[in-house]
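The block underneath contains the structure these notes are about, expressed in structure tokens.
The values are calculated or read from the model by the stated rules, or taken from the named source; none is laboratory data. Keep in mind the model is a prediction, meaning the values are calculated, not measured. With ideal geometry, Cβ positions are generated from the backbone for all residues, glycine too; neighbour counts draw on all protein chains shown.
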Amino acid sequence: MKTRIAVLATILVALLAGLTFAGEWIYLSVLGLDPSAFPLGEWTQKLAPGASKAIGGVVAGFGTILLIAVAGFFVARGGLRADARDRGEVGNVPGRRVFLVGAGTVLGSIAAGVGGIWARAGRGVGTGAGGWQEPVGEIFVKKVPETHDRWEEIWKGSRVERYGRLGRTEWPVSDIVVGTGPLRGEKGADIVKLALERGVNYIDTSPDYSEAGSEQLVGQAIRDFPRDQFFLATKFCTPLGHLPPGTPVSKYKQVIDESLQRLGTDYVDLIHVHACDEVERLLDPNVHTAFDELKAEGKARFLGFSSHTPRLEAVANAAIDSGRFDVMMLAYHHGIWSHLDDIIARARKEQDMGVVAMKTLKGARHRDLVGFEEDRGSYAQAALKWVASNPDVSASIISFYEMQHVDEYLYASGKGLTAADVAVLERYDRKIVGTYCAPHCGACLDACPEGVPIPDVLRHRMYFEDYRSERQAIEGYAKLEPNASACAGCDAPCMGSCPVGIPIQERLEGAHDLLRITA
Ligand code: SF4
Ligand code: SF4
């Protein structure tokens, strides 16, 4: 009897450990936190100096289960001895019996622990979210900017040093390409011109960037360049936002005609289904009919999509399976959800899609890193080199909105990731723990009974505080319905739903104060 209790108790403890902290550590490890986030994480990391991810969570999670299993062996042996004493048997319990019961306990505990880990990390059991199985949510940003505090002499005059291939479009794309989300004023056109002169050959714009101002400035910039020397991408949307599924074909075509007018060109190379967070919009027959007609008319060459929140995996897989898309643009940066690599690889392998990585700066908090960048390198350069280290990624998009960006970002072109870069990225990760809302997560989406779009609120706070795009943040926040005003006085059932430990209520109330008052 005591043996049975000992064995069952051990298995139960292993299961509970897997379902709670061990599963949580492993989940977080895969989400992309840095070593400092885990018990003995930095020490563990030294055991695997070449590892590209923090292994602390995985080691701590599985190590805990193993320890419980080993302890279970001795507990079971104690149970066997106690039962033998209760039966009045003298001497040791036969070794074969100890071995069989002990091994059964160890294996049972490991199986239960791993099962618990899978339930917690893989399926989100107990978290109110979907775990890895449901990597929903995205905080798509239209720009990924920031500027180093010093315009280093060594960066000046940097040019594109590497060209790749944008999938089946066959475009020999520069490894760093221009995002134009925050482009404003005459300087904006000069920046794009300089980037083109320095070898960038892909420009991404959209009607809803700066309320069409981006397209107008890009139009000014490209006037003096031969049209076949750069690849131009825009989006199916209006200056005010996205077109919903079911939008008439004529409207889809009209917005592209308007884009062409602003851009001053006869055709765009690529049209994205913009910020696509639902399969219905991705596969809207009208958008595909419109694209086919635009292509036949010579106004567009390729179709792509960029993924917004939530449901990235479903959207990306549907896009791949449809065979309709030539390019995809996804948030991808150091420490991101590792399954994204599989999705990207599948897009490349099965459809030969071009893959453009966006949001490469993981939140643009690096202004605060300046004090400890010993080598005076740029966080942005390190982040760009990290993205470029995935051969399945065709190019990194980053917003250029200061002249310095041309030098700073292009200095990373063609360069490999160094140990110093990795150190900067790890410091960055430590900096943002507890505040950075991870792309492709969305684990809190079902936790709010008020339906507050938590990631969107946090995204606008990030625009305001980190990107210093106050106007964009305020305007975007004003469109949210409901917004974070619902958080005041709420019992906060959302608490604990965030796998990276963001204190959601506190952050959302702060966002509301910031964005509402300033408005
Ligand atoms: S605190 Fe805010 S986000 Fe959290 S449950 Fe309440 S209303 Fe929703
Ligand atoms: S707040 Fe936390 S749980 Fe919600 S989307 Fe962001 S990282 Fe995920």
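Could you go through the stretch 13-33 and let me know if any residue there is at pLDDT 85 or above and of a type in the set (Ser, Thr, Tyr).
Residues of the stretch 13-33 that are at pLDDT 85 or above, as a first pass: 13-23.
Okay, now just the ones that are also of a type in the set (Ser, Thr, Tyr), so 20.
Yes; the residues of the stretch 13-33 include at least one that is at pLDDT 85 or above and of a type in the set (Ser, Thr, Tyr).
Exactly one of (1) modelled with pLDDT under 80; (2) within 16 Å of ligand 2 (Cβ to nearest atom); (3) assigned to a helix (DSSP H, G or I) is unmet by residue 473. Its number?
Going through the list (1) modelled with pLDDT under 80; (2) within 16 Å of ligand 2 (Cβ to nearest atom); (3) assigned to a helix (DSSP H, G or I), residue 473 breaks only (2).
Within the stretch 244-253, is there a residue that is closer than 25 Å to residue 358 by Cα, at pLDDT 95 or above and of a type in the set (A, V, I, L, M)?
no
Condition check: loosely packed, with under 14 Cβ neighbours inside 10 Å, at pLDDT 95 or above and either at positive phi or assigned by TED's automatic domain parsing to the domain that holds residue 183 (or both). Does residue 228 satisfy that? Break it down into steps so the answer makes sense when it comes.
On the way: loosely packed, with under 14 Cβ neighbours inside 10 Å: yes; at pLDDT 95 or above: yes; either at positive phi or assigned by TED's automatic domain parsing to the domain that holds residue 183 (or both): yes.
Considered against the rule, which asks whether it is loosely packed, with under 14 Cβ neighbours inside 10 Å, at pLDDT 95 or above and either at positive phi or assigned by TED's automatic domain parsing to the domain that holds residue 183 (or both), residue 228 comes out as yes.
Residues in the stretch 148-157: is at least one closer than 25 Å to residue 314 by Cβ and either at pLDDT 80 or above or not assigned by TED's automatic domain parsing to the domain that holds residue 230 (or both)? Working first, answer last.
Going residue by residue through the stretch 148-157, those that are closer than 25 Å to residue 314 by Cβ are none.
No - not one qualifying residue is present in the stretch 148-157.
Would you confirm whether any residue within the stretch 477-499 is more than 29 Å from residue 23 (Cα to Cα), more than 10 Å from ligand 1 (Cβ to nearest atom) and among the hydrophobic types (A, V, I, L, M, F, W, C)?
yes
Of all the residues that make up the stretch 187-207, how many are over 19 Å from residue 162 (Cβ atoms) and surrounded by fewer than 21 Cβ atoms within 10 Å (Cβ to Cβ)?
Step one: list which residues in the stretch 187-207 are over 19 Å from residue 162 (Cβ atoms), which gives 187-193, 205-207.
Next, only the ones that are surrounded by fewer than 21 Cβ atoms within 10 Å (Cβ to Cβ) stay: 187, 189-190, 193.
Looking only at that region, the number is 4.
Picking from 441, 437, which residue would you name as being within 26 Å of residue 178 (Cβ to Cβ), within 16 Å of ligand 2 (Cβ to nearest atom) and buried (at least 24 other Cβ atoms within 10 Å of the Cβ)? Steps first, answer last, please.
Details: 441 fails: within 26 Å of residue 178 (Cβ to Cβ).
Going through 441, 437 in turn, just one is within 26 Å of residue 178 (Cβ to Cβ), within 16 Å of ligand 2 (Cβ to nearest atom) and buried (at least 24 other Cβ atoms within 10 Å of the Cβ): 437.
Looking at the stretch 356-398 only, could you name the residues that are in a helix (DSSP H, G or I), at pLDDT below 90 and either more than 22 Å from residue 162 (Cβ to Cβ) or of a type in the set (Lys, Arg) (or both)?
Answer for the stretch 356-398, where residues must be in a helix (DSSP H, G or I), at pLDDT below 90 and either more than 22 Å from residue 162 (Cβ to Cβ) or of a type in the set (Lys, Arg) (or both): 366, 367, 368, 369, 370, 371, 372.
Kindly indicate whether any position in the stretch 408-421 is within 16 Å of ligand 1 (Cβ to nearest atom) and either of a type in the set (Lys, Arg) or surrounded by fewer than 21 Cβ atoms within 10 Å (Cβ to Cβ) (or both). Full working, then the answer.
Kept after step one, since they are within 16 Å of ligand 1 (Cβ to nearest atom), are these residues of the stretch 408-421: none.
Scanning the stretch 408-421 turns up no residue that is within 16 Å of ligand 1 (Cβ to nearest atom) and either of a type in the set (Lys, Arg) or surrounded by fewer than 21 Cβ atoms within 10 Å (Cβ to Cβ) (or both).
Mind telling me which of the residues 445, 508, 515 ends up being within 16 Å of ligand 1 (Cβ to nearest atom) and touching a Phe, Trp or Tyr at 6+ places or on another chain (Cβ under 7 Å)? Reasoning before the result, please.
Details: 445 fails: touching a Phe, Trp or Tyr at 6+ places or on another chain (Cβ under 7 Å); 508 fails: touching a Phe, Trp or Tyr at 6+ places or on another chain (Cβ under 7 Å).
So the residue among 445, 508, 515 that is within 16 Å of ligand 1 (Cβ to nearest atom) and touching a Phe, Trp or Tyr at 6+ places or on another chain (Cβ under 7 Å) is 515.
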